[in-house]
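The values are calculated or read from the model by the stated rules, or taken from the named source; none is laboratory data. These numbers were taken from a predicted model, which means no experiment stands behind them. With ideal geometry, Cβ positions are generated from the backbone for all residues, glycine too; neighbour counts draw on all protein chains shown.
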Amino acid sequence: MVRTPDPGRESRKARVRGGQGGSWASSSQDFVRLAGLLYKLSAEYATAHDGNISIYALAGFGPLFSALRCLLIELNGGMYGELPRQDVLDELALASNDVRVIFTHYAVPDGLRTQLSLLLDVRNEIVHPAHSPGGDDRNTPAYLEPLRASGLLQSTGDAADYTWISQLQSHRLFRWGFATVRETVGHLLANHSVSDLSAEGLGYSYAVYERIDAA
């Protein structure tokens, strides 16, 4: 079967690769602001219930990854003063996920690599939900047991647990996701010649969850 070209996908690929006229802005800030607003609602919801359950957690991981992708394009597209890195932009345009590009072009420490991989798995479980039974009374997919072992899920703690999607409705999980993205952003900024002022402003944006927690 001949696959019909997708004009939307082709347009997005061309824009990521760059080299076209027009104007652009730091859209990463729009997405991280949205994630911060969702985090605040999540914290309020959790406080009003059992201290952790949050319907807003499901909505928060998408904007976090959108913010991270935008920042990758901004950094490698020359927005912060460096010459564009065309090889990275080309890979971002074609890669199935941005985390793979980060691992290829940045020397990510092992601990952060593990966390970021798990976070991508959480994002995929939400964007591509497979919420049918998984054959385990605890309902946690085996490959995501590290999240359960770390106490990040919404769990009864009993042998028979909540359904899987209910376990993802966890404010602790949202906090961990935000912290992982913030650490990743710090690592990306350290590998680019971003001015101290710009790096401070970007870092402040991604630390919004800490300010909400401290309020």
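Brief remarks follow.
- Any pair with Cβ under 8 angstrom, 6 or more apart, that starts in the range 187-215 at a residue that is farther than 25 Å from residue 99 by Cβ and ends at one that is outside any helix (DSSP H, G or I): 195/80; 195/81
- Residue check for residue 48: surrounded by 22 or more Cβ atoms within 10 Å (Cβ to Cβ), farther than 24 Å from residue 197 by Cα and either in contact (Cβ under 8 Å) with a residue 60 or more places away in the chain or not charged (D, E, K, R) (or both): no
- When the test is whether a residue is touching an Asp or Glu at 6+ places or on another chain (Cβ under 8 Å), in a helix (DSSP H, G or I) and surrounded by 18 or more Cβ atoms within 10 Å (Cβ to Cβ), residue 58 does not pass it.
- Residue in the range 10-21 that is touching a residue at least 60 places away in the same chain (Cβ under 8 Å), in a helix (DSSP H, G or I) and within 22 Å of residue 203 (Cα to Cα) present: no
- For the range 69-83, the criterion of a residue being in contact with a Gly (Cβ under 8 Å, 6 or more places away or on another chain) and at pLDDT 95 or above is satisfied by no position.
- Just one of (1) surrounded by fewer than 16 Cβ atoms within 10 Å (Cβ to Cβ); (2) over 25 Å from residue 113 (Cβ atoms); (3) in contact with a Phe, Trp or Tyr (Cβ under 8 Å, 6 or more places away or on another chain) fails for residue 154. It is (1).
- Residues of the range 124-162 that turn out to be assigned to a loop (DSSP other than H, G, I, E, B), of a type in the set (A, V, I, L, M) and in contact (Cβ under 8 Å) with a residue 24 or more places away in the chain, as a count: 1
- Residue within the range 34-50 that is at pLDDT below 90 and either closer than 30 Å to residue 162 by Cβ or not small (Gly, Ala, Ser) (or both) present: no
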